[in-house]
Each structure stands twice: as structure tokens, then as C-alpha cells.
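Notes to accompany the following structure.
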Amino acid sequence: MRRLFALLATLLVLVVVAQFYLAASAAFDTAPNDESFQTHRALGYGIVLFAIVLTIVAALARMPGRLIGMTGLVVGLAVGQGLIRAIAAAFNDTGDTSTTAGKLVFGLHAVDGLIILAVAETVARRARALSRPMVAGRPAGPGGGAGAFGPAAGPAHPAS
């Protein structure tokens, strides 16, 4: 179950990167904003749902509480994206973000997106570390257990 969580967490990072790509490509589209950002918006809702499912999987996989909380933080930050858009749009009666105040508030949308990416990447990295097989209470492979350097691995240069 931990490997499934690690795989899904890595997939979340890739989806968030795709979200940045969709935002950038829509920003340079000649179509109206509502039309050009439609796939970006739809994927944003998908990220919220995916992060909710990932939080549930984290709990079922009995991941550490802090990791479950960080996964839930992704949900909150992703919901915050829609709130930022709504607040920015509220600065203008037409519903777009063309006012200076609206643009300043909407700039937080990109900052929040970067925070989402950083948290999602941290979740994925920690999940991968926890899903590795354990050897004598330490992760196997580079950095721990079998094949590592340090006191647990024995002498660095065995006597001939």
C-alpha cells in the first residue's frame, strides 16, 4: 500500500507540472481567457479530487501523520487556488482580473501553485523513502542498510 501511495504521490507531482504547462500555454493563446484556460481550470478541479483521494490512501497506508497532513495541505492549497481567482475577480464587476488590485491578488495564484508543487514533491520524496524495503531497520540501497557506508555498514576498507 505504501508503494501505491508513493506512485500516486509521484503522479500528483507530474500532474501539477502539467498544470503549469497548461497555464503557460493558455496565457499565450489568442482565444478569450475563459476559453483558453478551460483545460487548466478543469485539471485544477481534478487535482483537488486527486489530492483528496491521495490523502485517503495515505491514511489507509498508515503513513506518518505529518505526511498525511502534508497531503491534506495540498488539498487546502488547491482549493485556495479557486478562492484566489474568485477574490481577484471580485475586484472587477465584469468578472475578470483586469484591475490592478485584481492582478495583484491573482498573482498569488502562481505563488500558491509553486507552493503546491513544493509540497507535492516533498510528499512524493518522503513517500518513496518510506516505501523502500528495510534492512536491519534502515532503508536498503544507497543511504542506508546494505551497501551503505558508515557504522551500520562496517569498516569502509576491510582488512586484506
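The values are calculated or read from the model by the stated rules, or taken from the named source; none is laboratory data. All values derive from a computational prediction rather than experimental measurement. As a convention, Cβ positions derive from the backbone with ideal geometry for all residues, glycine included, and neighbour counts pool all protein chains shown.
Taking the criterion of being modelled with pLDDT under 80 and either part of a helix (DSSP H, G or I) or crowded, with 17+ Cβ neighbours inside 10 Å (or both), the residues of region 14-35 that qualify are 33, 34, 35. Would it be correct to say that residue 82 is farther than 27 Å from residue 133 by Cβ, assigned to a helix (DSSP H, G or I), under 13 Å from the mean Cα position of the chain (by Cα) and modelled with pLDDT under 95? No; evaluated as a whole, the condition is false for this residue. Residue 25 - would you say it is small (Gly, Ala, Ser), touching an Asp or Glu at 6+ places or on another chain (Cβ under 8 Å) and free of Cβ contacts under 8 Å to residues at least 40 places away in the same chain? No; evaluated as a whole, the condition is false for this residue.
Taken together, 77, 108, 104, 54 contain a single residue that is at pLDDT 95 or above and farther than 14 Å from residue 8 by Cβ, which is 77.
Residue 61 satisfies every condition listed in (1) surrounded by 17 or more Cβ atoms within 10 Å (Cβ to Cβ); (2) without any contact (Cβ under 8 Å) to a residue 24 or more places away in the chain; (3) over 13 Å from residue 120 (Cα atoms) except (2).
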